[in-house]
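The values are calculated or read from the model by the stated rules, or taken from the named source; none is laboratory data. Predicted model, so just to flag it, every value in this text is computed and none were measured. A quick note on method: Cβ atoms are made from the backbone with ideal geometry, for glycine too, and the neighbour counts reach across all protein chains shown.
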C-alpha cells in the first residue's frame, strides 16, 4: 500500500466518520428521551445551582450515578438513562474522592449543607473537600437547592420528611432541656429505650469510641460534648449538649438508636452506613461515660456475656 | 514583527520553549491540587485555585501545553526533514505557535475564573476552542503545503502519523467540544457522556499517541542505525490504531446506563487495542534488537525507549481495566489517576521530551547545553512516574476494595491519606524535572549567544 496525502486524509476521514456514526450518532439517535419514573424538571434556583456545580468542577470528585455494586450507598436506586434526559452537560463523573450525589437530595436538611459548604470539616471532620465560603451565601443557597433536587421525586419525598420534622424539633428545643429530652426519647421505640449497652465499659472500648467521636461527632457536639462544635452557629436546632443529660434516663439503647437512625429534620444524620454495630455501641458508651457522666453499660438485663468480656465483677 | 521573525526551524524552537514553560506550569498546577488533597485548608478559600478549577487547569496545561506543544513542534521538524523540503512557511508556523499558546493561556485564565464546559479535557470554553481549531488548521495547512512541494516521493511512516494526528485531532476536537453548541459545549443526557468520552479517550488516542509514535518511528531507527523492521507492520499499526482507538471511549462510563451493545463494542475494542500497540512496539523493538546500547548512548533516544516501555505498560493495563470484572475494583478511584499519568506523562510526555532533546542539537547546530541535566531530568521524571504509578495504584486498590466491602467513601479517606502524602513527595521529583528541563532547553536555545557575548 502506497501512502499518499489524499489516501491519508480521505481514508482517515472515512474511517473516522463511520466510527463516529456507530459509537456516537447511533446511541444518540436510538437512546430513550422518555423521563424515568422519578424525573421532574428543575426549578430556576436549582438550575442556577447546577451552573455553579459545573463552573466549579464539583464533578471531578463527585459522581452522579449509582451502580449495582455500590453497597455503601445501599444501591437502592440504580441509575437509569431516563434520569438524565435533561442533563447538559452530563455530570456522570469519573472519580469518587467524595460520595456519589445522584440521590443526595433530602439526605440532610439545608442548615447542615450551609455549614458543610462554609467548611466541610465543620460537619465531616475528616473530609478533604475545599471550603466554598468564597461563593457567598446567595450562591451557596442556589447550590443547596440543586443538591436537594438530586434524586428528583425521590429527593422531594425525602425533603418533605425533613420539612415535616424540622418545626417539631425546633419546638422541642425551645421547650428547654426537659422538653427536648422527653421529645428525643419519644422518637425511640419502647424496647430500645429500655435496652442498656450490652458491653462492659473498658479502656479499649472508650479509646475506640473516642476515635469514632473525633471522626464523626466533634464538628457539631464539640470536643467537650457541650454541643458547641464549629458547626453549631450554623445549625438550628443546635447540636445536643450532652453535659446536661445526667440523671435524665439516657440509656445505651437510646444512644444507639439515635446514632444509627439520626434525627430527621435536624442536622443529626444517620450513621448506619458509616458505622457498624460495635462502633456505634463504643461511641455511645464514650459519650455516656465522658460527657453525660453515667453509663448503663453491662447492667441488667444483659443476657449472656460475650466470650471476650471479663468475668462478673472483675475490673479490667 | 519580532514575534513572527522568520528563522530556520523557528517554529519548532518556539514550540519547544513553550512546552518547557508549560511543563513547569502544568506540573506546578498538579502539585497545587495534590497539596489540597492532603491539607484542604492550607490553600483554602482562594477561588481561582480551588481543587475543582486547578484540576482541569492542570490536565489541559499538561496535555495541550506541555506534551501537545512539544509534539507539534517536533512534527514541524520531522515533516520537512523527511520529505527533504523546507517548511512551507516559518511565518505561518510562528502564528501557529502563538495561537496555540494563546489558547492555553486563555483556557487557563478562563478556567481559573470559573468558566468551564466541565467535560474532561474539553473544559475550555468555545472561544478558546476556536483558537485551538485555528492553530491546528494552520499547522495542517503548513505541513500539507510542505508535503505538496516535496522532493522525496516516498512518505515515511512518521509523516502518516503526523497527518493522521492533525486530521483526527481537528475532527475529534470539533465534535468532542460540541462546537456547534457554543454556550454549553455539550449535547444532552447519557449521549453527552458517550460523546464526551469518545472525545476524552480520543485526545489520548488520536492526538497524543500518533504524534508520539511518529517521533519514536523517526528517532529509533536513526539512533540504533538500522532500517525499520517492517513496512507491513507500520501499515497495520497505523490503520488499526484509527479503526480501534475510536471505538472504546464508552469504557469510561461502563457502569453508567449506556446501551449494552455499546458497552460490548467498547470492551471488545479495548481488548483489540493490543493489535495496534503490539504492531507498533514489535516493529520498533525488532528494529532495535541487539542495538539497545546505541539508543541508550543518545540522550533523546533514551527518553524515547523509556516512553515505549511505558506505552506497553499503559496499553496492557488499559485493555485489562476495561473488563467489567476489573472495573468493579478499579473504577472511580486513584487507580485510574495512575493510568492517566502513565499515558500522558509516562508514554507521550517522555517521548515528547525525547523528541526535544534529539531534535534540539540538530536545529541549533550545537550540542545540548548540558547532557548531564538532561540525564538528570530523565531520571527524575522516570522515578517520579514510577512512584506515581505505584502509590496511586495502591491507593486505588485500597479504595476499590474498601468500597466493594461496603465501606463508605468518607471512611476510606483516612486510609488513602498516607498515599496522598507519598504522591505529593513523588510529585516533587517531576516538578524538579520540569524546572531542570526549562533551564536546559532555554540555555540550549539562547544560552550560546549570551555566553559568547560574556567572553
Would you say residue A:206 is within 14 Å of chain B (Cβ to nearest Cβ) and either modelled with pLDDT under 95 or out of contact with any strand residue (DSSP E or B) (no Cβ under 9 Å at 6 or more places or on another chain) (or both)?
-> no
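Only helices (runs of 4 or more DSSP H) wholly contained in the stretch A:84-191 count here; list those with 2 or more residues that are touching a helix residue (DSSP H, G or I) at 6+ places or on another chain (Cβ under 9 Å) and under 30 Å from residue B:254 (Cα atoms).
Details: elements: A:110-118, A:137-149, A:152-174, A:177-186.
By residue number, A:137-149, A:152-174.
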Matching option when the condition is surrounded by fewer than 20 Cβ atoms within 10 Å (Cβ to Cβ), in a helix (DSSP H, G or I) and facing another protein chain (nearest Cβ under 7 Å), among B:242, B:262, B:235 = B:235
Of the residues in the stretch A:1-44, how many are outside any helix (DSSP H, G or I), surrounded by 15 or more Cβ atoms within 10 Å (Cβ to Cβ), within 35 Å of the chain's Cα centre (by Cα) and within 9 Å of chain B (Cβ to nearest Cβ)?
-> 2
If we keep only residues of the stretch B:364-392 that are over 20 Å from the mean Cα position of the chain (by Cα) and buried (at least 21 other Cβ atoms within 10 Å of the Cβ), then the residue nearest to the other protein chains (Cβ to nearest Cβ) is B:391
A careful count of residues in the stretch A:194-230 that are surrounded by fewer than 21 Cβ atoms within 10 Å (Cβ to Cβ) and either at positive phi or not assigned by TED's automatic domain parsing to the domain that holds residue A:250 (or both) gives 2
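Among the residues of the stretch A:71-81, is there at least one that is more than 9 Å from chain B (Cβ to nearest Cβ) and buried (at least 18 other Cβ atoms within 10 Å of the Cβ)? Steps first, answer last, please.
Initially, the stretch A:71-81 is screened for residues more than 9 Å from chain B (Cβ to nearest Cβ), giving A:74-77.
After this cut, where a residue has to be buried (at least 18 other Cβ atoms within 10 Å of the Cβ) as well, the list is none.
No, there is no match, as no residue in the stretch A:71-81 is more than 9 Å from chain B (Cβ to nearest Cβ) and buried (at least 18 other Cβ atoms within 10 Å of the Cβ).
Looking at this structure, is residue A:250 buried (at least 18 other Cβ atoms within 10 Å of the Cβ) and not in a loop (DSSP other than H, G, I, E, B)?
Values: buried (at least 18 other Cβ atoms within 10 Å of the Cβ): yes; not in a loop (DSSP other than H, G, I, E, B): no.
Considered against the rule, which asks whether it is buried (at least 18 other Cβ atoms within 10 Å of the Cβ) and not in a loop (DSSP other than H, G, I, E, B), residue A:250 comes out as no.
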Across the stretch A:127-140, which residue is farthest from residue A:221 (Cα to Cα) among those that are surrounded by 14 or more Cβ atoms within 10 Å (Cβ to Cβ) and more than 10 Å from chain B (Cβ to nearest Cβ)?
-> A:139
Within the stretch A:99-126, which residues are within 19 Å of residue B:47 (Cβ to Cβ) and within 14 Å of chain B (Cβ to nearest Cβ)?
-> A:116, A:117, A:118, A:119, A:120, A:121
Would you check if there is a residue in the stretch B:195-213 being without any contact (Cβ under 8 Å) to a residue 60 or more places away in the chain and closer than 18 Å to residue B:356 by Cα?
-> yes
Might you check whether a residue that is surrounded by fewer than 24 Cβ atoms within 10 Å (Cβ to Cβ), within 11 Å of chain A (Cβ to nearest Cβ) and either part of a loop (DSSP other than H, G, I, E, B) or modelled with pLDDT of 95 or more (or both) occurs anywhere in the stretch B:80-102?
-> yes
